[in-house]
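To start, the structure itself, in structure tokens.
The values are calculated or read from the model by the stated rules, or taken from the named source; none is laboratory data. Keep in mind that what you see is a predicted model, and the values were worked out from it rather than measured. Neighbour counts run over all protein chains shown; Cβ positions are idealised from the backbone, glycine included. These area figures cover heavy atoms from the full protein model, side chains too; ligands, DNA and RNA do not enter into them. Shrake-Rupley method; radii C 1.70, N 1.55, O 1.52, S 1.80 Å.
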Amino acid sequence: MSTAPTTPASSDTPAGDSPLLIGSEGAVRVLTLNRPQALNAFTTGLLSQLRIALDDAAKDESVRAVLITGAGRAFCAGQDLSDPHIKPEFDETTGAVDPHRKPKAKDIGNLLDHYYIPLALRLRSMPVPTVCAVNGVAAGAGANFALGCDLVLAGQSASFIQAFSRIGLVPDCGGTWLLTRLVGRARALQLALLGDKLSAADAQAWGLIARCVADAELQSEAMQLAQKLAKLPTAALVHTRQAIDASMDLEFEDALKLEAKLQSQLGYAHDYLEGAAAFLSKRAPVFKDR
Ligand code: LHQ
């Protein structure tokens, strides 16, 4: 069953104008970034709504996968640079920063502390798998938010830009951690230092994303993938993510021990009993743990 996208309960903007659309298709919760006029750039409002929507999906036992995408021609252009929280002072007519005027200091790290860090942690600790359908350019924090999802599909015309160095910043929203793990130090530095556009096809070839697909197929492929994940044993998938993320910082023996600990927990749960029983009796399993 699918439901039309709606605004989050906490939103005070009218339906349709909401920066985040929320819908469902069966057990898949669909979140659509919806500021197409600004390439879905993150405002504090959008960041808050996104976190609330992920919290809601995490709490809702009927949700077994989350699919995130963008409205319009872009996925997300990162932080909205015109947001009053971070917009620098400059002459709006000439575009110049006045060297004689001491600019008012704005600690943009505060924005990370209050919005981006909780959002990135929320995404990474979702109790269900997450899929991102990157429908166009994903820049800055928009790229790293996408890469924080478990499986990333991108349309062939999509691209990834670590735009931070272009404006004198470092990658954030987990970029330094994610890029290094996904593509290794050399390519992480290439992407982050130069801020060049990486095509979806190259992103797939580099191992940055799971798959590049035809633009026309993106949404249906992403939904099919999310539906497939929703039918798999959710708790096992989420523990798998946890073990894979932890493995990079573990000695081999400690990774073996973590696997054994997680296996112990899962071995008592319904889904293992169901999976093994279904295999042995040659029927399809029906998983339900979360
Ligand atoms: C935008 C934006 C945008 C506002 C396009 N903001 N309007 C965290 C915390 C604190 C501080 C700072 O940062 C962060 C994390 C970050 O994400 S830093 C990185 C911020 N993002 C960027 O620097 C990317 C800026 N955007 C671009 O470089 C280009 O727009 C890209 C390459 C994404 C797309 O280029 P085009 O396809 O040529 O589109 P466009 O540039 O013409 O943009 C279309 C409209 O969207 C345009 O508005 P307009 O009214 O002129 O039509 C842009 O101003 C607006 N827009 N990105 N981040």
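The lone criterion from (1) crowded, with 22+ Cβ neighbours inside 10 Å; (2) more than 9 Å from the ligand (Cβ to nearest atom) left unmet by His100 is number (1).
So which pairs qualify, if the first residue must be in the stretch 159-172 and in the same structural domain as Arg185 (by TED's automatic domain parsing) and part of a helix (DSSP H, G or I), the second must be surrounded by fewer than 20 Cβ atoms within 10 Å (Cβ to Cβ) and not hydrophobic (A, V, I, L, M, F, W, C), the Cβ gap must be under 6 Å, and the two must be at least 6 apart or on different chains? Filtered contacts from the stretch 159-172: Ala163/Gly195; Ser165/Gly195; Arg166/Gly195.
The residues in the stretch 34-63 that are away from the ligand (no atom under 14 Å from the Cβ), in a loop (DSSP other than H, G, I, E, B) and touching a residue at least 40 places away in the same chain (Cβ under 8 Å) can be counted, and the count is 2. Does the stretch 119-156 hold any residues that are of a type outside the set (A, V, I, L, M) and within 12 Å of the ligand (Cβ to nearest atom), and which are they? Those that are of a type outside the set (A, V, I, L, M) and within 12 Å of the ligand (Cβ to nearest atom): Gly136, Gly140, Gly142, Asn144, Phe145. Applying the criterion of being over 17 Å from the mean Cα position of the chain (by Cα) and not in a helix (DSSP H, G or I) to the residues of the stretch 199-247, the residue that is surrounded by the fewest Cβ atoms within 10 Å (Cβ to Cβ) is Ala214.
Where residues in the stretch 83-97 are touching a helix residue (DSSP H, G or I) at 6+ places or on another chain (Cβ under 8 Å) and open to solvent by 20 Å² or more (accessible area, probe 1.4 Å), which of them is farthest from the ligand (Cβ to nearest atom)? Checked the stretch 83-97; the qualifying residue farthest from the ligand (Cβ to nearest atom) is His85.
Selection of the stretch 158-186 for residues being buried (at least 16 other Cβ atoms within 10 Å of the Cβ), β-branched (Val, Ile, Thr) and within 11 Å of the ligand (Cβ to nearest atom) yields only Ile161. In this structure, Val152 does not satisfy being part of a loop (DSSP other than H, G, I, E, B) and β-branched (Val, Ile, Thr). When the stretch 64-82 is limited to residues that are near the ligand (Cβ under 10 Å from one of its atoms) and open to solvent by less than 10 Å² (accessible area, probe 1.4 Å), the one that is farthest from the chain's Cα centre (by Cα) turns out to be Ala74. The condition (being closer than 26 Å to Arg185 by Cα and touching a Ser or Thr at 6+ places or on another chain (Cβ under 7 Å)) is satisfied by just one residue among Ala255, Ala246: Ala255.
A search for C-beta distances below 8 Å between a residue of the stretch 105-132 that is over 24 Å from Pro88 (Cβ atoms) and β-branched (Val, Ile, Thr) and any residue that is at pLDDT below 95 and open to solvent by 50 Å² or more (accessible area, probe 1.4 Å), counting only pairs 6+ apart in sequence or on different chains, returns Val128/Arg290. Of the residues contained in the stretch 187-198, none is found to be among the acidic types (Asp, Glu) and either open to solvent by less than 40 Å² (accessible area, probe 1.4 Å) or part of a helix (DSSP H, G or I) (or both).
Rundown of residues vs (1) among the aromatic types (Phe, Trp, Tyr); (2) farther than 22 Å from Cys212 by Cβ; (3) at pLDDT below 95, yes/no style:
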position	(1), (2), (3)
Ala146	no, no, no
Asp150	no, no, no
Gln156	no, no, no
Phe160	yes, no, no
Ala163	no, no, no
Leu169	no, yes, no
Asp172	no, yes, no
Leu179	no, no, no
Gly184	no, no, no
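Of the residues screened, Gln263 is not one that is closer than 29 Å to Phe160 by Cβ and polar (S, T, N, Q).
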